[in-house]
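Some notes on the structure that comes next.
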Amino acid sequence: MKSNSKDKIIGYFLITPFFFSFILLVVYPLFEGIRIAFTYTTPSGEKVIGLQNFVKTLNHPEFRIAVYNTILFLAIAVNIKMALALFIANLLNKEFKGHRIIRGLILLPWALPALTSLLSFKWMLEPTWGVVEYFITVLTGQKALLLYHYNTAMAMIIIFHIWRNTPFWTLIFLSGLQSIPKSLYEAASIDGADSVRLFRHITLPQIKYLYIVCLMLSFIWTAGEFNTVWILTGGGPAASTHLLATLAYRFAFDIGDFGMSISTILFALPIILLLAISLVRIIEKRG
Amino acid sequence: MRGISLFFTYFIIILLLLFFLFPIYWMILTSVRPKEDLFNPLPWTFSPHMDNYIHILDGTFWPTRYFYNQLSNSLIVSLNVVILTMAISICGAYSLARFRYKGRRFFSQIALFSYIIPQSFLAVPFFKLMSLYGLIDNYLSLILAMTIWTSPYCIWVLREHFYSIPIDIEDAALIDGASRITILTKIVLPISAPVIVALSTYAFIMSWNEYLYALVLLNSSSKLTLSIGITSLVTSIDVVPWGSAMAQAVLFGIPPLIFYYTFERYMVKGLMAGAVKR
């Protein structure tokens, strides 16, 4: 369709609501946030204090722990989740009896709200009566108190994240796998390639781009994880399992220091924005 | 497949199903267990009952007395988000798909960009902004927040969908003298109905499930949404009534579950279209 100047005006007119809300609800809060990070802001008022928030945050022991936790969480959770998703997608891509039903069932953790399943996990891990604690007590003779020790609490957070998000990526990879022409596999099978070789020489090269894009996307989304930590441990024991997003919440609403809260986020934001922008570029180029 | 490899496949799948389904099974089981059976580690109950559900639904269980209030709050927020999101996205996506103008590429980039960035990072600045406008503890702030977080995905999917509609129909209507707006409302929208319904449920599920922004933006107990309600039963009571907590979690999960499985086709297709296209 050719566009004359009247069409151009209609075009601008139709995109305005989105653009306006983007400026008002994303860009403006972001800049307002950056401004607040340079002030001492409590619920009662604010004054400009320069870089002090960043120094204070950087020296705060909870911030250092949260940075460490976030990196640990990203490195372990994202990689295991994506590799597992690709593995399951491969498994489900085969033709066998009942593979439709199994596909539907494996999706359940993703279809249910995260909050629903988080409550279920919290109940299973409950120290006195939770079923997981019960079996650990039976096996080892003592309670593990999984959510009350740093190492095991972090492990539970990671396990929940994998449990909840793997099905989603499985679905994405599955539809990626299904778009690989079957003839490629048939030709290679006739040449005598086994399933490991098929995966390495056909599946992997064909799915590489999708895998990398998904890995980046998942990395960015996982960096903002809030619910899992907040419901399972509330950041405890002794504020040791915080991630950046939960710590920012704690600084703002438990301690009441908005400057520190936002500077916590601002330390991570450049990396996230850089990743997001390069991801936009990559997707656009291919799309 | 040959025997051994088939056996191996089934074996792994059974392990995976156990891992993915056990927590859900255990939640449902707990919700129908009689009180005296609640702490039984046996993965079965011989006398299932619906008391937990009944007492939530007839309002006689004190800790969940706000259930209907919270349910209606969740519905108010979610339905408003659906309407706003669809209005913004239909206009925006149609503009991106059918009009040529300067900055078009930039607009579709920011749509993708706001879909990608983690929304939790903006919660505190968003809170500050809304308190500046005096919108704290007002549904409008939560509705606005969820609208901006759901519309980028809807724009992206709808734009791809509009591309797939043959342009000849619209050209013919233009020649017949129909206006652009008439074409959008009389031709494009009716044939896009399935996608629009699917995206509406996406926006609904996202707002229904939202926790952080509801936690930050709402505070009086009569305004809380169900997402806050079901979690406060576990986080703010000393002796947690786990049977009721699980029943409430199940009730909360039912609407998204139904929507998700009804529109599964569109949810995957939508994501594959554009965002993660090969």
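The values are calculated or read from the model by the stated rules, or taken from the named source; none is laboratory data. Keep in mind that what you see is a predicted model, and the values were worked out from it rather than measured. Note: ideal-geometry Cβ built from the backbone for every residue, glycine included; neighbour counts use all protein chains shown.
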Q: Examine the range B:151-162 for a residue that is modelled with pLDDT of 90 or more and either in contact with a Pro (Cβ under 8 Å, 6 or more places away or on another chain) or among the polar types (S, T, N, Q) (or both), and state whether such a residue exists.
A: yes
Q) Tell me, which residue of the range A:2-34 that is aromatic (Phe, Trp, Tyr) and more than 18 Å from residue B:103 (Cβ to Cβ) is nearest to the other protein chains (Cβ to nearest Cβ)? A) A:28
**Q.** Residues that are surrounded by 17 or more Cβ atoms within 10 Å (Cβ to Cβ) and either part of a loop (DSSP other than H, G, I, E, B) or among the hydroxyl-bearing types (Ser, Thr, Tyr) (or both), drawn from the range A:253-287
**A.** A:257, A:261, A:263, A:264
Q | Residue match in the range A:211-225 (condition: under 22 Å from residue B:118 (Cα atoms), at the interface with chain B (Cβ under 9 Å from one of its Cβ atoms) and not in a helix (DSSP H, G or I)) | A | yes
Q: Test residue A:238 against the criterion of being assigned by TED's automatic domain parsing to the domain that holds residue A:121 and more than 28 Å from residue A:89 (Cβ to Cβ), and give yes or no.
A: yes
Q | Given (1) surrounded by 14 or more Cβ atoms within 10 Å (Cβ to Cβ); (2) outside any helix (DSSP H, G or I); (3) more than 30 Å from the chain's Cα centre (by Cα); (4) not small (Gly, Ala, Ser), number of the condition residue A:10 does not satisfy | A | (2)
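Please work out which residue is nearest to the other protein chains (Cβ to nearest Cβ), limiting yourself to the range B:53-107 and to residues that are of a type in the set (Val, Ile, Thr), free of Cβ contacts under 8 Å to residues at least 12 places away in the same chain and assigned to a helix (DSSP H, G or I).
B:83
To keep it simple, each residue is scored yes or no on (1) surrounded by fewer than 23 Cβ atoms within 10 Å (Cβ to Cβ); (2) part of a helix (DSSP H, G or I); (3) not assigned by TED's automatic domain parsing to the domain that holds residue B:100.
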residue	(1), (2), (3)
B:135	yes, no, no
B:140	yes, yes, no
B:147	no, yes, no
B:151	no, yes, no
B:154	no, yes, no
B:157	no, yes, no
B:163	yes, yes, no
B:169	yes, yes, no
B:174	yes, yes, no
Q) Mind checking which residues of the range B:200-226 are more than 10 Å from chain A (Cβ to nearest Cβ), assigned to a loop (DSSP other than H, G, I, E, B) and either surrounded by 22 or more Cβ atoms within 10 Å (Cβ to Cβ) or of a type outside the set (S, T, N, Q) (or both)? A) B:218, B:223, B:224, B:225
Q.
Within the range B:53-71, does at least one residue satisfy the condition of being surrounded by 14 or more Cβ atoms within 10 Å (Cβ to Cβ), assigned by TED's automatic domain parsing to the domain that holds residue B:235, under 30 Å from residue A:11 (Cβ atoms) and of a type outside the set (Gly, Ala, Ser)?
A. no
Q: With respect to residue A:226, determine if the residue is assigned by TED's automatic domain parsing to the domain that holds residue A:120, surrounded by 14 or more Cβ atoms within 10 Å (Cβ to Cβ) and out of contact with any Phe, Trp or Tyr (no Cβ under 9 Å at 6 or more places or on another chain).
A: no
